[in-house]
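The values are calculated or read from the model by the stated rules, or taken from the named source; none is laboratory data. This one's a predicted model, so the numbers in the text were calculated from it and none came from an experiment. Ideal geometry is used to build each Cβ from the backbone, glycine not excepted, and the neighbour counts take in all protein chains shown. Ligands, DNA and RNA are excluded from the accessible area calculation, which covers all protein heavy atoms including side chains. Shrake-Rupley method; radii C 1.70, N 1.55, O 1.52, S 1.80 Å.
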Amino acid sequence: QVQLVESGGGLVQPGGSLRLSCATSGINFSGYTMGWYRQAPGKQRELVAVIRSGGSTNYADSVKGRFTISRDNAKNTVYLQMNSLKPDDTAVYFCKAEWGVLTYWGQGTQVTVSS
């Protein structure tokens, strides 16, 4: 059974930091492209960052220089370090695992940036 479990969300003040984790099981993690997506109320789900099996990464323009995606293949886990958070970063953050036509999603974790 495939599971993706996000954690690390919460309430943080503008300018603060959070580190999201997505622990996976049931997949050959090292071969998967892993991504973080987010969905704010009333908006479409959007790509935040992606890391491929070889380690290459891509980021949404809105988070470049502030967020860092990384993976630990030994722990089957992908991370999203979020710094200099802004109120516009408020959303539910989802983890996605992709390999060919196989796609799996986590349940999401809420991130709220507010003073």
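Return the only residue of 85, 4, 80, 18 being open to solvent by less than 50 Å² (accessible area, probe 1.4 Å), in contact with a Pro (Cβ under 8 Å, 6 or more places away or on another chain) and in contact (Cβ under 8 Å) with a residue 12 or more places away in the chain. It would help to see each step written out before you state the result.
Details: 4 fails: in contact with a Pro (Cβ under 8 Å, 6 or more places away or on another chain); 80 fails: in contact with a Pro (Cβ under 8 Å, 6 or more places away or on another chain); 18 fails: in contact with a Pro (Cβ under 8 Å, 6 or more places away or on another chain).
Selected residue: 85, the only one of 85, 4, 80, 18 that is open to solvent by less than 50 Å² (accessible area, probe 1.4 Å), in contact with a Pro (Cβ under 8 Å, 6 or more places away or on another chain) and in contact (Cβ under 8 Å) with a residue 12 or more places away in the chain.
Just need a number here: residues in region 1-35 that are farther than 12 Å from residue 78 by Cβ and outside any loop (DSSP other than H, G, I, E, B).
Looking only at region 1-35, we keep the residues that are farther than 12 Å from residue 78 by Cβ, and these are 1-3, 9-18, 25-26, 28, 31.
From the residues that got through so far, the ones that are outside any loop (DSSP other than H, G, I, E, B) too are 3, 10-12, 18, 25, 31.
So the count comes out to 7.
So, residue 38, is that one touching a Leu at 6+ places or on another chain (Cβ under 9 Å), surrounded by 14 or more Cβ atoms within 10 Å (Cβ to Cβ) and either assigned to a strand (DSSP E or B) or at pLDDT below 95 (or both) or not? Don't jump to the end; show me each part of the working.
Working: touching a Leu at 6+ places or on another chain (Cβ under 9 Å): yes; surrounded by 14 or more Cβ atoms within 10 Å (Cβ to Cβ): yes; either assigned to a strand (DSSP E or B) or at pLDDT below 95 (or both): yes.
Yes.
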